[in-house]
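The block underneath contains the structure these notes are about, expressed in structure tokens.
The values are calculated or read from the model by the stated rules, or taken from the named source; none is laboratory data. What you see is a predicted model, and the numbers here were worked out from it, not measured in a lab. Backbone-built Cβ (ideal geometry, glycine too); neighbour counts: all protein chains shown. Only protein heavy atoms, including side chains, enter the accessible area calculation; ligands, DNA and RNA are left aside. Shrake-Rupley method; radii C 1.70, N 1.55, O 1.52, S 1.80 Å.
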Amino acid sequence: ASGKFVRRAAASPQAPVWAVAARASSSGAALQLPFLPPFVEELGNVTIAPIETAKSMHPAFYIDEQYVQVERERIFGTHWFAAAHTAELSTPGDVKVIEVGGTSIIMTCDKDSKIHAFYNVCRHRGARVANKDEKGCKQLVCPYHWWAYRLDGSLKSTPPAATPKERKDLLGLQRVPGLETFAGIVFLNQAPNSVPLLESLGDLPKKLARYDMVNLEHAGKKEYTINGDWKLIAENFVDFYHINAVHPELSKFSRVDDHQPYQGPGQYVGFVTSPLTDSGGPGDSHHFNAFKGLYPVESTAGLFFQVFPNISVTVYPHSVYTLMTFPTQHPGVTKEVLSLLMAPGAKKEEHTEEEYKDKCKQLFDFVVQINDEDVVAIENLQNGLRNARARGLHGEFLPKYDWPIHRFQNMVLEGIKGNIVNEAHMPVLCGAFQRQVADANEVGRSSTVAPGLLEVSEAGATMDEAHAPGGGTEGVRSGGDLWEASQALPSLPLIGAAPWGVVVVVVVVVVVNGLRNARARGLHGEFLPKYDWPIHRFQNMVLQGIRGSTVNEDNMPVLCGAFQRQVTDANEVGRAHAGAPVLVEASDQGAPRASGTLARERP
């Protein structure tokens, strides 16, 4: 509760070495964090230093399984991270599911166009509620017992049981504590009472002020599974030094020597290519209209920002493409989503819709080609680091080219301690582009600001008015309320068509995956007495059994159904003897003996 990390006393000599630390919030909720492996301070100190004397992060930070798991939980559990584009959650009924390490999160757009984020855990037994993205979804239904939740997370029904409203109000999906939108991106924070997103971004919002990032048009998406640590993907993005070697076509359009720092305080790495060079490729300036309201110097420049920890943003005068990365449960394996988005009004008047779509496709294919080349380089680097780990080798920095990687690695090493980057260790950077933008601001042209870079409400993120769809529930699946206005239960084709053994396997997988999420949240499931008394009894037998005891009948409900009463009546009139096998009673010595009489029934 002091806010410091403290080691929990071991329960026994066999207790795990790694415990968890609790950081108390003002609301009283404690954030559980795993302790860092002991080598972190020793190996990390040589990187947390001015670049002239610093060494690159040790390979152990990319390879060591124990560290990688702890890092995921600390960085993605306590810092703002990118989760989706607002364009993916712009219409009521949009649902998106993301996996971050061992944590599964559902994001929704409700009937009022508000964005919400919840842990993917049913409040009944802990099963996963959703397993894929959806459009036009009206409600979230757990596949295990059909508990239904509205898109704002509130519990709607527990069929066929009738649950009192006051209890339902307490059993909504657990909300991810922090949700804010910035530059058309949804950011989440799993820590309660976190620092506001804008405070962590420093001066980045000012750098993007003239780019209408909220009303971007989605033009393409590709998903990857990369055999490389998520940090290597971010470092590769900010490493413009590799362009000539890895990207021969890109080097004609975005030359290494034309890269300049565009960096200020904040949890990001920023640089710029100025000027961009028209080279006969699909990204040339004459193919599309640029963002409106840019300064002249911005209209010929490409901006590159790695927003800590997991989104890489490339901003060209006419388009934006992003790389959003999510660490998996497996060290050295990362899910990546590449998205291309076009500036509002990028289509030129002289082009037909088909011509415009073709130009967008060519640009998307070009971006995918570049990223495919990067994937090969990243996976090769991951393999090389395994070798370097065995040799105990640190990499070296070339200050002219490697300052972005040095800054990102410092954000990582400070981030796992709960800190932001130490600007005192960072070089002072100011290129010609940054000075030109500053000059333009001074003469008053900075008043042209794009709308809606950041909008937040207490109940969730509200879409910018120009971006939000009109008409309330437009796009919502038609039909009545499945649970409250209809007598028919929804069908589950998988269960109806599959062999029973397959159904059991599927259900078990759903529950186990959900419970991993629930464990991290510290959630208990809920009992519906009418249906869940067998589970309650079994769980009590387990908990008493590990103590060497039998179930405590005093804690069990008194149960007597019609069948049980009928059997009791039959016993009383002696019909239990007709053809029934000999019942067994224990003798005083404990050996069974036959008897033709029934023992007295226990209450």
Could you tell me whether any residue of region 216-227 is of a type in the set (Asp, Glu), farther than 24 Å from Pro331 by Cα and assigned to a strand (DSSP E or B)?
yes
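Look through Glu355, Glu373 and report the one residue that is part of a helix (DSSP H, G or I) and modelled with pLDDT under 95.
Numbers: Glu355 fails: modelled with pLDDT under 95.
Result of the check over Glu355, Glu373: Glu373.
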Note: among Gly574, Gly579, just one is at pLDDT 50 or above, open to solvent by less than 70 Å² (accessible area, probe 1.4 Å) and on the phi > 0 side of the Ramachandran plot, namely Gly574
Of (1) open to solvent by less than 30 Å² (accessible area, probe 1.4 Å); (2) among the hydroxyl-bearing types (Ser, Thr, Tyr); (3) not in a strand (DSSP E or B), Ser299 fails just (1)
With the first residue restricted to region 539-552 and required to be under 21 Å from Gly525 (Cα atoms), and the second required to be assigned to a helix (DSSP H, G or I) and open to solvent by 60 Å² or more (accessible area, probe 1.4 Å), Cβ contacts under 6 Å at 6 or more apart or on different chains are Val551/Met541
Scanning region 338-382 for residues that are of a type in the set (S, T, N, Q), touching a residue at least 60 places away in the same chain (Cβ under 8 Å) and open to solvent by 40 Å² or more (accessible area, probe 1.4 Å) gives Gln362, Gln369
It is to be established whether one or more residues within region 229-246 are farther than 29 Å from Leu294 by Cβ, without any contact (Cβ under 8 Å) to a residue 12 or more places away in the chain and surrounded by fewer than 19 Cβ atoms within 10 Å (Cβ to Cβ).
yes
Considering residues that are within 23 Å of Gly126 (Cα to Cα), open to solvent by 50 Å² or more (accessible area, probe 1.4 Å) and β-branched (Val, Ile, Thr), the number found within region 535-555 is 2
Among Leu198, Leu170, Leu140, the single one that is open to solvent by less than 30 Å² (accessible area, probe 1.4 Å) and not charged (D, E, K, R) is Leu140
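Just for region 248-263: of the residues that are closer than 19 Å to Tyr295 by Cα and surrounded by fewer than 21 Cβ atoms within 10 Å (Cβ to Cβ), which one is modelled with the highest pLDDT?
Step one: filter region 248-263 for residues closer than 19 Å to Tyr295 by Cα, giving 258-263.
Restricting the remaining residues to those that are surrounded by fewer than 21 Cβ atoms within 10 Å (Cβ to Cβ) gives 258, 260-261.
On the way: Asp258: 76, Gln260: 87, Pro261: 90.
The extreme case among them is Pro261.
Look through region 151-209, keep the residues that are β-branched (Val, Ile, Thr) and under 18 Å from the mean Cα position of the chain (by Cα), and return whichever of them is nearest to Tyr321 (Cα to Cα). Give the steps one after another, and end with the answer.
So the first thing to find is which residues in region 151-209 are β-branched (Val, Ile, Thr), and the list is 158, 163, 176, 181, 185-186, 195.
Imposing the further condition that a residue be under 18 Å from the mean Cα position of the chain (by Cα) reduces the set to 176, 181, 185-186.
Numbers: Val176: 26, Thr181: 17, Ile185: 12, Val186: 15 Å.
Ranking the qualifying residues of region 151-209, first place goes to Ile185.
Report the residue count in region 111-127 for those that are under 19 Å from the mean Cα position of the chain (by Cα) and of a type outside the set (A, V, I, L, M). Walk me through it before giving the result.
In the first step, residues of region 111-127 are kept if they are under 19 Å from the mean Cα position of the chain (by Cα); the result is 114-122, 126-127.
When the remaining residues are screened for being of a type outside the set (A, V, I, L, M), the result is 114, 116, 118-120, 122, 126.
Total meeting the criteria: 7.
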